[in-house]
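The values are calculated or read from the model by the stated rules, or taken from the named source; none is laboratory data. Everything quoted here is computed from the prediction, not taken from an experiment. When we count neighbours, we look across all protein chains shown, and the Cβ atoms used for this are built from the backbone with ideal geometry, even at glycine. We work out accessible area using only protein heavy atoms, side chains counted, and drop any ligands, DNA or RNA first. Shrake-Rupley method; radii C 1.70, N 1.55, O 1.52, S 1.80 Å.
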Amino acid sequence: MPYFPRLAWLLLLLVGAGAAFGQPAAPPQRPFAQLIDVWTRQLDRVATRAEQANLLPAEIDALREQVADVRAAASAAAAIARNDLADTKKLLAPLEVKPGGEAVPETDAVKADRTRLSDLAAVSESQVKQCEVIIARTDQLTERLTKLRGQVMLEALLHRDLSPLSPDVWRQLGPQFKTAVQTLSAAVTAWGHEGLSALGSGDQDLTSLGVWAVVTVLLWWLGRFLRRRFGRGDAAEPGQRDRTIAAAVDGVGLVLVPILAVWLVGKLLTATAPPAPIDVLVPDLIVRVIIFLLVVGLTATALSPRRPAWRVLPFSTESADELSRAVRRLMAVGLSIEFVYVVVTRGAGDRSALASVGALVIATVVAILALPTLSNRAWHAAPAPGSSLGTEPGHPHMIGGTWWSITRLLLSVLVLSAIPFALLGYATLAAHLHNAIFSTALMITIVVLAHRLMADLLEEAAAPDTPPGRWVRHRLGLAPDSTLRGQHLLMLVFDLFLVLLLAVGIPAAWSVDTDAIVDGAGQLMRGVKVGGVTISLGNVGMAIVAFAVCLVIARLVRTVVRDRVLPTVDAPMPLRQSIDAGLNYVGVLLALVIGIGVLGVDFTNLAIVLGALSVGIGLGLQNIANNVISGVILLVERPIKAGDWVNVAGHEGFIRRINIRATEMETFQRTHVIMPNSMFLQNPVVNRTYADTSSRVEIKLTVGLATDVPAMEALLRETALGHPRVLRVPAPIVRFERITPSGLDFELFVFVSRLEDRLLVTNDLNQAILAKMIESGILDPKPIPTIKLHGIETHLEAKPVDAKSTSKDGDAAAAP
């Protein structure tokens, strides 16, 4: 055997042996009574701890996790017991003595089996009830802990510390600041003496740091390559897709490597075993630097103040520069002051005066620096392409419109309200307002940029003129110029995911109990029981999926029968169309029945509801039912659809919306007609765009008897082919219709791709034909005037006006 296969088999054996020996043995199953006792004692400890005072939110969260673990274990045990009970009842059913039946002699073995199975069923039923009691108690404890956490958070926010307005605060400020500086100096000195020795002692494992250093270098090289390959180039007017993707590459490449480097430095400093309070200050400093780098990357990506052509968001150049500088200034100064506040307030001893004054300083500085980011000057939108820059210099268009302007005003009030809160001693509330506003703004910004990036990436993949688009069409076996529509569904799913993240992240930023939100969402997914039906998002989603799958299968069967089976059957065309329509209705009905069945609706109750509904229909809802059923038929058969140009019952216009009872039509006079759906089934409907949006334009004209017919036909054909909106296939048609005493009648037929182009093309062709007829001499632009006197037409010949022949008033009179 060659060497390599032997080595491979040896490695496989070693891996299998290691997995076998390394897998821990399964713990022995505890008796059910012992499990109940363990769960009860654990819940008793949680209940006792919940009654104690001075609980922190983190401790309450830990208690809730313990309760959730107990509930999960009890639910699993209850499921196992229910399964055992169901299996036992199946075995016990044939052995039961039916009441009223003949007494059949039983053997001792049958009696023993029935007794044994009855005892097992009683044990399983008892286990189910005990688990249900545990589950009910966990639910009560969870609700109690949730309320307790809300109370603790509210008390923490409304806790009042020393006010900076108190003279005692300013008297204690100097000594406390001196103590803080001495403590920090002593810690730095001790760290300087012992840090390098601890790092070089070999007690710390620096392998992970070396790996991260190598990863940082590789990412730096990769980011540099991507920025040169896909980053912002020198294009004067890049496309939207290029702008977003290049901004994302540049933004990530700008901050990723510095963030990794800062994190690596932080780990290296932590490895030196710094003393207190530096062991807490170092990770805090690293987090603040990373946040600042992240903000720098976001502003450079979204605003791009120095390169307007590559800007992702629609800000004007002045506003982008103003907002970018204001945000970076706010983060740099705010994070620095907050870190200094943590440094001077962290440590042993009384630091209440420092905390009170520091909270006021932070609230004031952050409020002053945050106001420019919320001002109108920072939110001017870029002018639309082709618009005049100086039309309304005093009223520029604002980003977000009126609602965002009102929101910015409210945010400004909240930011400024932190100053009086800090003055009154509510330092925790003031800090919470600033942190919540910053976290919310950061999350919304990241979500907006992620939405924009994903939309442009999907558009890049769906475009036929891009390498990703060509690759997707090649893998799917589509034509190179085919249109892809799946990206919109993917974008909808991605947006729903982003909305869910915001639905959890924003309440968490404002210290709202996210566990309650998650539990509510889980309850919504599990469903709410209404009568005998459980309504849940999961069941609704499964019903929709089942309906869609059945509908697709039904349409596939209908297509096969219509296109492959029916053409081989010797049957008249009306019969084939009836079979096709019947298959359509049967398929839709089966899909509805299966969807309702998956939803969990009892058909017996549904029959009762339908019976009551039929009575109501018979009493006076005939018209409404007729229109509703007609609406369903219109939506299923689709003889008309939104955007069609139809003519029905004397009304002509475009279909704008098909509702379940009525259809909205917009006429050419810009009026809206609400028509009952039954009108479209009871009256003939002329649908001009049923199978094709193209239309025919007809132009009739009469020329003199002396006109050259071939020249006239060539003139009309040349004029039609010269219009850009006239289709070449089918080609324009010129017809010499008839000869009349008044002249020669011609007809010109042309075809346009869009129905709404008829009036425009008719107007253009009339003008062009008139100009060519005048140019070729077929039509005289100055005809002899005709005057009607008492029903007699008189043709006048224009003659020069005699200057000497004047009226009494001095006006020139033309001689007849």
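Numbers for the structure displayed
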quantity	calculated
For segment 259-374, convex hull of alpha carbons as volume per residue, Å³	85
Listed peptides 259-271, 694-706, 762-774 by packing density, highest first (mean Cβ within 10 Å)	259-271, 762-774, 694-706
Semi-axes of the equivalent ellipsoid for segment 420-516, Cα gyration tensor, largest first, Å	45, 13, 7
Accessible area in the full protein assembly, largest first, 1.4 Å probe, for 471, 645, 404	471, 404, 645
Among 124, 153, 173 - extreme Cα towards positive end, dipole of segment 47-179, charges at beta-carbon	173
Heavy-atom accessible area order for 322, 51, largest first, 1.4 Å probe	51, 322
Amide H partners (placed H, <5 Å) of residue 744, local residues excluded	703, 704, 705
Rg/Rh ratio calculated on Cα atoms of segment 365-495 (Kirkwood radius)	1.18
Built amide H within the under 5 Å cut-off of residue 779, gap 5+	774
Descending principal axes extents, segment 628-719, alpha-carbon based, whole Å	62, 24, 21
Net charge, residue 289 excluded, C-beta distance under 14 Å - Lys, Arg +1, Asp, Glu -1	+1
Relative contact order of segment 61-189, defined on C-alpha pairs under 8 angstrom at six or more residues apart (%)	36
Solvent-accessible surface ranking, highest first, for 377, 656 at 1.4 angstrom	377, 656
Area of residue 728 that stays accessible when all protein chains are in place (1.4 Å probe, Å², to 10)	120
Label-point separation in nm, residue 59 to residue 112, each point 7 Å along Cα→Cβ	5.9
Segment 727-777, Rg to Rh (Cα coordinates; Rh as Kirkwood inverse mean 1/r)	1.03
Solvent-accessible surface (1.4 angstrom probe) belonging to residue 495, in square angstrom, nearest 10	50
Heavy atoms of residue 553: accessible area, 1.4 Å probe, square angstrom to 10	90
